[in-house]
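Read the structure below first, then the notes.
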Amino acid sequence: MDKGFSHLDDASLIQNIQQGSHEAFATIVNRHTNRFYRIAYRLVFNKDEAEDMVQEAFLRLWERPQLWNPSRQAKFTTWFYKVVISLCLDLNKKKRPVHLPEDMELLDRHPGQDVLLGIHQEQALLEGFIKQLPARQQLALNLTFYEGLSNQEAADIIGIKVKALQSLIMRAKTTLKEKVRRYLPGGSI
Amino acid sequence: MTMKLKQFKENLLVYGSNVHEWPEDIRQAGLKAMETSSELRTLLAEEERLERVLKTRKYEEPSSDLGERILSASLSRRKRGRRGLSGFFSELVWEFGLPKPALTAFSVSLVLVLILGFAIGFADLTGSVSTEGSQTDLQEFLYYEGEVL
């Protein structure tokens, strides 16, 4: 379907989309859907919602492709990360606050005990730890550790300076390290 | 250049446990510091453990048809977005898969035809029907009809 466009870079594809090319749009969707789904999933913690957020972001691009201006924004992906993240954060605001799983209280009363939790329980605990981080710390962790973006690119996406981003990463990891040490002392992960 | 404990700890958090991938300007200092300090090696081991834990985080792959769904939804979105006369003609051209130049040529032709039509309509004064004439014709018609009836 997109044979004529697959060799084009993102900026050229957007120019074609701005002229109404659905094939160019198909190319960019096929090229980037998984990448943006990953960050959406990491932020909303739910497959269906993550898919909805990615779909909504792409549809906005299709309806108003002129919103991305290559002369103002450095890279298409940087700008589109912002679109997806913004949608996800809006969705999260509508959700109820996160509470720790009951298992954690049990573990906390007996630090160091040799409790073997199932992998699913451990994953649930880890999700809980991450959900409890402030939104900006979560973002910094997701973009750098899970997405593998450079500090500079992650800082551009969040809209902060690199030093501030590094501070967010340090705080996020320090908190997580402490919680892992405390609640998952002898787990399988 | 030597790297102190605090710096090493911060770099571990920011750049991760693979010291070989740290930025060039601090990489050698990091490796050297690690070689000479068991305390730093312990910190490194802690960081490696944290990263192992973080990598076990739950993740679900997207549906295989997500891309197709997005493309399908985009077609209906654009249809809804088009409104008015220009939207109608755009839609018409879109449905038949015509390229953008064809749409432009079609629109320009339509506008020219409309302008020509108005010009002819306003310029042809002889073709206009006066009220008086109309009444005469009507009277003649009624009279004629009356004659017949």
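Among A:63, B:68, the order of accessible area from largest down is B:68, A:63, computed with a 1.4 Å probe on protein heavy atoms. Calculated on the Cα set of region B:5-56, radius of gyration then Dmax: 10.5, 32 Å. Peptide B:46-55 is shielded by partner chain Cβ atoms: per residue, an average of 5 of them sit within 10 Å of its Cβ.
Peptide packing for A:173-182, A:122-131, B:54-63 was compared via the average number of neighbouring C-beta atoms within 10 Å per residue; ordered from the highest value, the list is A:122-131, A:173-182, B:54-63.
Simple spin-label estimate for residue A:46 and residue A:163 gives 4.0 nm between the two label positions (7 Å along the Cα-to-Cβ direction from each Cα).
Return the inverse of the average 1/r over all pairs of distinct C-alpha atoms in region A:1-95, which is the Kirkwood hydrodynamic radius, in Å to one decimal.
For region A:1-95, the Kirkwood estimate is 13.6 Å.
Per residue, the accessible area of region B:5-56 comes to 59 Å² when a 1.4 Å probe rolls over the protein heavy atoms.
Short version: which residues of region A:29-64 lose at least 50 Å² of accessible area, all chains versus chain alone, 1.4 Å probe? Residues shielded by partner chains are A:37, A:41, A:42, A:47, A:51, A:55, A:59, A:62, A:63.
Please report the buried accessible area for the interface of A with B, total over both chains, probe 1.4 Å, in Å² to the nearest 100.
3900 Å²
If you take the Cα centroid of region A:160-174 and the Cα centroid of region B:3-73, the two points sit 13 Å apart. Put +1 on the Cβ of each Lys and Arg and -1 on the Cβ of each Asp and Glu in region A:1-95; which of A:22, A:5, A:88 then has its Cα farthest toward the positive end of the dipole? Checked the options; the winner is A:88.
Of B:64, B:107, B:17, which has the most accessible area and how do the rest follow, probe 1.4 Å?
Ranking B:64, B:107, B:17 by accessible area, largest first, yields B:64, B:107, B:17.
A loss of 50 Å² or more of accessible area (1.4 Å probe, protein heavy atoms, ligands and nucleic acids excluded) relative to the isolated chain is seen in these residues of region A:145-188: A:145, A:170, A:173, A:177, A:180.
Ordering A:79, B:22 by accessible surface, largest first, gives A:79, B:22; the 1.4 Å probe counts only protein heavy atoms, with every chain in place.
Measuring between their Cα centroids, region A:64-85 and region A:1-55 lie 12 Å from each other. Measuring nothing but protein heavy atoms, the accessible surface of region A:1-95 at 1.4 Å probe radius is 44 percent carbon and sulfur.
The values are calculated or read from the model by the stated rules, or taken from the named source; none is laboratory data. All values reported here derive from a predicted model rather than from experimental measurement. Positions of Cβ are backbone-derived with ideal geometry, glycine not excepted, and every protein chain shown enters the neighbour counts. Quick note on the areas: whole protein, heavy atoms, side chains included, nothing else; ligands and nucleic acids left out. Shrake-Rupley method; radii C 1.70, N 1.55, O 1.52, S 1.80 Å.
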